[in-house]
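Visitor: This is the structure I have questions about; it appears just below.
The values are calculated or read from the model by the stated rules, or taken from the named source; none is laboratory data. Please read all numbers here as calculations on a predicted model, not as lab measurements. We place every Cβ from the backbone using ideal geometry, glycine too, and count neighbours over all the protein chains shown.
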Amino acid sequence: MNNGNNRSLISLEKVEKIYKTKAGPLRVLKGVDLEIDEGEFVAIVGPSGSGKSTLINMITGIDRPTSGEVFVAGQRLTKLSENQVAKWRGKNVGVVFQFFQLLPTLTVIENVMMPMHYVGTYSGQRRERAMELLELVDLPDVANKYPSQISGGQQQRAAIARALANDPPLIVGDEPTGNLDAVSAGLMFAMFEDLVAQGKTIVMVTHDRDLAGQIPRVEEVRDGQLMSPDEIDQRLVASAGQES
Ligand SMILES: Nc1ncnc2c1ncn2[C@@H]1O[C@H](COP(=O)(O)OP(=O)(O)OP(=O)(O)O)[C@@H](O)[C@H]1O
Ligand SMILES: [Mg+2]
């Protein structure tokens, strides 16, 4: 367990991402270096189109860089096949999206059980484990409903339960509170804080300044690059000056 040494869980080295578009190559990530230690809670902020989702997709292995290296939870993702990455992700990363992305044809509890199929959880244990997770996110009553029958806040809590199904060390969110009212967003944030207290690592994109302000580490993406902490500090000082 944690012996006090910080261990790197995520390491991006000179990550470049160039999309081929009709208008020609579009350079979206321009040499990103990023280290995140086990147990950190990190917010990714930045303007629309700056490359936040692209960056997040590098960390989850949903997409791969044009050049550079990505190491996450002990794996060099850049050398794995798509199938190997999918298998690795199922065990190591819980992903929470802005639009929840629950499967509409499965009930809430079936959605939570889904990731367990891929890692060979004994089938007799899946339902029990899923129910425990639904209790954790305070949703046991809607276990047998379909996603369309519950609220957005409930859907996002179900998505969090699903993300936790295989007890991954890393939780990644791309604007997970983007479609939630303030109360649901606050609940979700409290849940994330609990998970960090339990030793999970969380990286989440957010447009919500209040939320980002409560997250211990904030990384800002600007035009495909991470701003240095100095640059962010200077901007904070400048905007504080404007307010007074
Ligand atoms: N698959 C793709 N093919 C071509 N261009 C893409 C692709 N995905 C993203 N882009 C472009 O890359 C840039 C960065 O996109 P990205 O989705 O990473 O931004 P973002 O910071 O997440 O923005 P938002 O805050 O609006 O979600 C944008 O100009 C986008 O149009
Ligand atoms: Mg995005």
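Visitor: Is it true that some residue in the range 122-130 is within 23 Å of the chain's Cα centre (by Cα), closer than 27 Å to ASP181 by Cβ and not basic (Lys, Arg)?
Guide: Yes: the range 122-130 contains one or more residues that are within 23 Å of the chain's Cα centre (by Cα), closer than 27 Å to ASP181 by Cβ and not basic (Lys, Arg).
Visitor: How many residues are free of Cβ contacts under 8 Å to residues at least 12 places away in the same chain and away from ligand 1 (no atom under 16 Å from the Cβ) if we restrict to the range 54-85?
Guide: Going through the range 54-85 one residue at a time, the tally reaches 6.
Visitor: Hey, another quick one. What about VAL96, is it more than 16 Å from ligand 1 (Cβ to nearest atom), under 30 Å from GLY152 (Cβ atoms) and aliphatic (A, V, I, L, M)?
Guide: Numbers: more than 16 Å from ligand 1 (Cβ to nearest atom): no; under 30 Å from GLY152 (Cβ atoms): yes; aliphatic (A, V, I, L, M): yes.
The answer is no for VAL96.
Visitor: Give me the pairs: first residue in the range 20-33 and at positive phi, second residue near ligand 1 (Cβ under 9 Å from one of its atoms), beta-carbon distance under 9 Å, and six or more apart or on different chains, which are they?
Guide: As it stands, the answer is GLY31/GLY224, since those pairs meet every condition given.
Visitor: Please work out if LYS17 is surrounded by fewer than 19 Cβ atoms within 10 Å (Cβ to Cβ) and either within 14 Å of ligand 1 (Cβ to nearest atom) or outside any strand (DSSP E or B) (or both).
Guide: no
Visitor: Need pairs with beta-carbon distance below 8 Å; first residue touching a residue at least 24 places away in the same chain (Cβ under 8 Å) and within the range 91-114, second within 16 Å of ligand 1 (Cβ to nearest atom) and of a type in the set (S, T, N, Q); sequence gap 6+ or separate chains.
Guide: Every condition considered, the pairs that remain are VAL93/THR60; VAL95/THR60; GLN98/ASN179; PHE99/ASN179; PHE100/ASN179.
Visitor: Only residues in the range 174-196 that are at negative phi count as the first member; pair them with residues that are of a type in the set (A, V, I, L, M, F, W, C) and away from ligand 2 (no atom under 16 Å from the Cβ), Cβ under 6 angstrom, at least 6 apart or cross-chain, and list the lot.
Guide: THR177/ALA185; THR177/MET188; PHE192/ILE202; VAL196/PHE41; VAL196/ILE202
Visitor: Of the residues GLN125, GLN101, only one is among the polar types (S, T, N, Q) and on the phi > 0 side of the Ramachandran plot; which? Full working, then the answer.
Guide: Values: GLN125 fails: on the phi > 0 side of the Ramachandran plot.
When all the criteria are applied, what remains is GLN101.
Visitor: Only one of (1) of a type outside the set (Val, Ile, Thr); (2) modelled with pLDDT under 95; (3) surrounded by fewer than 19 Cβ atoms within 10 Å (Cβ to Cβ) is not met by ALA197, so which one is it?
Guide: (2)
This table checks each residue for (1) in contact with a Pro (Cβ under 8 Å, 6 or more places away or on another chain); (2) of a type outside the set (A, V, I, L, M, F, W, C); (3) at pLDDT below 85; (4) not in a loop (DSSP other than H, G, I, E, B).
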| site | (1), (2), (3), (4) |
| --- | --- |
| GLY178 | no, yes, no, no |
| VAL183 | no, no, no, yes |
| HIS207 | no, yes, no, no |
| LEU211 | no, no, no, yes |
| ILE232 | no, no, yes, yes |
| ARG235 | no, yes, yes, yes |
| ALA240 | no, no, yes, yes |
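Visitor: Can you tell me which residues in the range 136-173 are modelled with pLDDT of 95 or more and over 24 Å from THR206 (Cα atoms)?
Guide: Across the range 136-173, the qualifying residues are ASP141, VAL142, ALA143, ASN144, LYS145, TYR146, SER148, GLN149.
Visitor: Another question about this same structure. Tell me whether the range 169-181 contains one or more residues that are away from ligand 2 (no atom under 16 Å from the Cβ) and among the hydroxyl-bearing types (Ser, Thr, Tyr).
Guide: no
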